[in-house]
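A short worksheet on the structure shown next.
The values are calculated or read from the model by the stated rules, or taken from the named source; none is laboratory data. Source: prediction; values computed, not measured. With ideal geometry, Cβ positions are generated from the backbone for all residues, glycine too; neighbour counts draw on all protein chains shown.
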Amino acid sequence: MPAIRQELFREIPAVDRLLATERLQQLSAEYPRTLILKAINLVLDDLRTRIQSGEIEGGIQLGPDLVSIMVMEELKIISRPSLRPVINATGVVIHTNLGRSILAEKVLKKFTLLSGGYSNLEYDLEKGVRGSRYSHVEDILKDLTGAEAAMVVNNNAAAVLVSLETLARGRQVVVSRGQLVEIGGSFRIPDVMRKSGARMVEVGATNKTHLRDYEEVIGPETALLLKVHRSNFELVGFTEEVSLSELADLGRRNGIPVMEDLGSGSLVDFSKYGLTKEPTVQDSLSQGASLVTFSGDKMLGGPQAGIILGQKELVEAIKKNQLSRALRIDKLTLLALEETLRLYRDERVAVKEIPTLRMICQTQRSLAGKADRLLKLIGRLKCDNFSIELITGSSKVGGGSLPLQELPSRLVALIPGKLSLQAMETWLRAHDPSIITRLEKERVLLDVRTVQEKEMKTVARVIKDLAQQA
Ligand SMILES: *Cc1c(COP(=O)(O)O)cnc(C)c1O
């Protein structure tokens, strides 16, 4: 080993010496000893590796003073919570990797009230006896959708699983080959079907399924006709599928329930706001679905949850299933769901107050105004790291909703100068809070649609910092 490397290894201070430094002595009031030791070991290991590889050469004083600063920095990093806020500048409104829907302010206000104290979660305050946790959202879901009965579980995957298990375990479920979807994060219709113990009977071809395809397979073993929303893909070209009302009709004639997995499931008709027409939850029920399932955190804009609506006897049977107990909704989720649903009692309030709906329905004028304000907050940049430009582009709804829908938006584009595209993207992502952007046409794009008002100043400051990076 070269003498210089040996010299460096010898310079690395011992753990005890580091612990005795004034800097780490002070930190011991703030951090547990185990965490300080972990940080010391990480820093020392890293130093040894870097000396070994030749990355650290002579001319640097690895004394306790410098190393204790490194330990302090490491401590800050390892003591951060793992789950942290990030700024979504991707323009994807329902971004599954970034937590899907943001809750409305009015919903958040209720959290402290209920999470720090007891509640009537499963207690009937009138009768003084045990109550049902589902009761808190049952009536409002029925009122909003016209459903006969309602219940909620942990997420929509759970809603589909428990519905299939209850209604079709050991029996047949008929589904079109054009609807055997896979949703991100490993939800696949054939796999969920198998887990539920139901036997899947596929009908039709990938692009075309006719009513007679269903008619031909219906028999004494048929427990359910299933329709699945395609969510994240679309069929174009020569296609044909059986409408829900035709399917419901067929089910009625044969005494077989019809279930629709709506996936995103919206209570608002977004075509009023200039988007593609999508059937609403109310449409599905009025077209005769016996059971409808959908997510709480996609187009509904609430917390992660699975909502099951439909005929009373079916919903009651699902409630009684032991599996529902295992998939049950948590009280904080229930609270967030009830408060989100209450905002839907007036659609104008829902569109204004529920962030997912507000972002989807944002007008061109408001987006342009927001982009101008962001640019003004950033101000003039005196640097050649990158240049900045306002451009038009489009946002996405996300969450497997309206995959082809382009929402025209305004974006701040960072055009590479001394800093490369990747360097800028990585730096913004590594920042605390992280800013998640998208790369397109050799530019780093920040879509103002998904940047929240309260985050604008931070985004501007971070971009100014990026301009100063050497
Ligand atoms: C998203 C989706 C699911 C899964 O819902 P989660 O709430 O993520 O569990 C199931 N079916 C369809 C059609 C979907 O779009």
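A few remarks follow.
- Restricted to the stretch 276-302, and to residues there that are of a type in the set (D, E) and modelled with pLDDT of 95 or more, the residue that is farthest from the chain's Cα centre (by Cα) is D283.
- Of the strands (runs of 3 or more DSSP E) lying entirely inside the stretch 363-470, the ones with 3 or more residues being outside the structural domain of V236 (by TED's automatic domain parsing) and out of contact with any Gly (no Cβ under 9 Å at 6 or more places or on another chain) are found at 386-398, 407-416, 434-436.
- Elements of type helices (runs of 4 or more DSSP H) in the stretch 148-263, at least 1 residues being within 16 Å of the ligand (Cβ to nearest atom) and in contact with a helix residue (DSSP H, G or I) (Cβ under 7 Å, 6 or more places away or on another chain): 156-168, 189-196, 244-254
- For the stretch 421-447, a residue qualifies if it is within 18 Å of G99 (Cα to Cα), of a type in the set (A, V, I, L, M) and crowded, with 20+ Cβ neighbours inside 10 Å, and exactly one does: I435.
- Here is the figure for the stretch 326-376: residues that are surrounded by 17 or more Cβ atoms within 10 Å (Cβ to Cβ) and of a type in the set (G, A, S) total 3.
- Counted residues, the stretch 102-134 - those being part of a loop (DSSP other than H, G, I, E, B), surrounded by 10 or more Cβ atoms within 10 Å (Cβ to Cβ) and among the acidic types (D, E): 1
- Residues that are assigned to a helix (DSSP H, G or I), of a type in the set (S, T, N, Q) and closer than 17 Å to G146 by Cβ within the stretch 264-283 comprise just one, Q282.
- Scanning the stretch 68-97 for residues that are of a type in the set (V, I, T) and more than 16 Å from the ligand (Cβ to nearest atom) gives I69, V71, I77, I78, V86, I87, T90.
- Residues in the stretch 204-232 that are surrounded by fewer than 13 Cβ atoms within 10 Å (Cβ to Cβ) and not charged (D, E, K, R): T206, G219, P220.
- Number of positions in the stretch 325-348 that are over 23 Å from the mean Cα position of the chain (by Cα), under 27 Å from S115 (Cβ atoms) and part of a helix (DSSP H, G or I): 1
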